[in-house]
Amino acid sequence: MKIGIIGTGNIGGALARKLGAAGHQIRVANSRGVEGVRAFAEEVGATPVDIRGAVKGVDALILSIPFPAVAGLPKDLFDDLPEAAPVIDTGNYYPGMRDAHISEIDDGLAESVWVSRQIGRPIVKAFNNILAYSLAELGRPAGASDRLAIAMAGDDPKAKTIVAGLVNDVGFDPVDAGALADSWRQQPSTPAYCCDWNAEETRAALALAQPGAAPAKRDAMMEAYSKLGANPTHADIVTSNRVANAPN
């Protein structure tokens with residue numbers, strides 16, 4: 001598949017590397033333009049492009065950028081994206097920490113529903129509830145007993161089938177989390193968020209999510225992080241998330 005990736009941070013960068021290794025043709029873009037992404041592209045065997053080059057004629061597009069950057073994307077950016085190509089949103093909303101407050105999300109709108117409205121395209125929410133280290137290092141072959149899962153939510157069954165294949169390609173079990181409106185169940189500070197669960201555990205965690213509970217838990221999660229010290233281990237972070245994000 002031809003896959004465009006806008007954003008080369010921890011998640012976008014790991015996806016570029018792993019999807020390329022799985023045999024896909026990867027185009028990468030970031031806010032610094034073609035030259036700004038060239039060194040990374042050469043490192044991972046991808047093609048450096050600008051954001052329009054990441055969209056035109058691809059089979060799937062991954063948005064892995066902070067929420068403030070979504071609203072700043074050109075309104076005609078997706079005109080050259082084939083209708084059948086899913087747009088995958090990996091982003092998470094961190095108000096007051098990294099992101100300015102967005103009133104619609106603060107009032108309860110699912111984060112990726114807001115993204116979909118901003119760009120005028122259907123979205124599949126995926127790769128947002130996995131730690132960057134887990135994504136980069138903990139992928140396993142299909143059927144492995146220690147294989148972790150990644151949740152995905154969206155309204156188009158065909159698009160979700162494509163995304164499920166990409167999740168599998170990078171070494172994780174895809175778990176269908178329902179419609180895009182249900183994607184709040186995999187947002188930050190829910191039981192399914194960044195806890196290194198397998199598929200069965202992920203389904204159970206999605207079911208345990210409580211409407212409106214995440215914002216307060218988000219504060220608890222950040223407080224828990226602050227107690228881990230300057231160089232927490234991956235295991236420490238996972239344990240902290242499981243405690244902070246557990247339902248009351």
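In table form, for the structure just shown:
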item	result
Helices (runs of 4 or more DSSP H) (entirely within the range 176-248) containing at least 2 residues that are out of contact with any Ser or Thr (no Cβ under 7 Å at 6 or more places or on another chain) and under 25 Å from Arg140 (Cβ atoms)	199-208, 234-244
Search result, residues across the range 110-145 that are of a type in the set (Phe, Trp, Tyr), closer than 18 Å to Leu61 by Cβ and surrounded by fewer than 23 Cβ atoms within 10 Å (Cβ to Cβ)	Trp114
Check on Val28, assigned to a helix (DSSP H, G or I) and aliphatic (A, V, I, L, M)	no
Selected residue (only one of Glu111, Glu83, Glu104 is in contact (Cβ under 8 Å) with a residue 40 or more places away in the chain and among the acidic types (Asp, Glu))	Glu111
Residue check for Ala199: at pLDDT 95 or above, under 9 Å from Ala151 (Cα atoms), of a type in the set (Gly, Ala, Ser) and in contact with a helix residue (DSSP H, G or I) (Cβ under 6 Å, 6 or more places away or on another chain)	no
Residue in the range 75-94 that is farther than 26 Å from Thr190 by Cα, basic (Lys, Arg) and in a helix (DSSP H, G or I) present	no
Pairs with Cβ under 7 Å, 6+ apart, first in the range 228-248 and closer than 15 Å to Ala216 by Cα, second aliphatic (A, V, I, L, M) and not in a loop (DSSP other than H, G, I, E, B)	Asn241/Met221; Val243/Ala224; Ala244/Ala220; Ala244/Met221; Ala244/Ala224; Asn245/Met221; Pro247/Leu208
Some residue of the range 198-205 being crowded, with 22+ Cβ neighbours inside 10 Å and either more than 23 Å from Arg17 (Cβ to Cβ) or of a type in the set (S, T, N, Q) (or both)	yes
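The values are calculated or read from the model by the stated rules, or taken from the named source; none is laboratory data. It should be emphasised that the depicted structure is a prediction, and the values quoted were computed from it without experimental measurement. Glycine also receives a Cβ, built like all others from the backbone with ideal geometry; neighbour counts cover every protein chain displayed.
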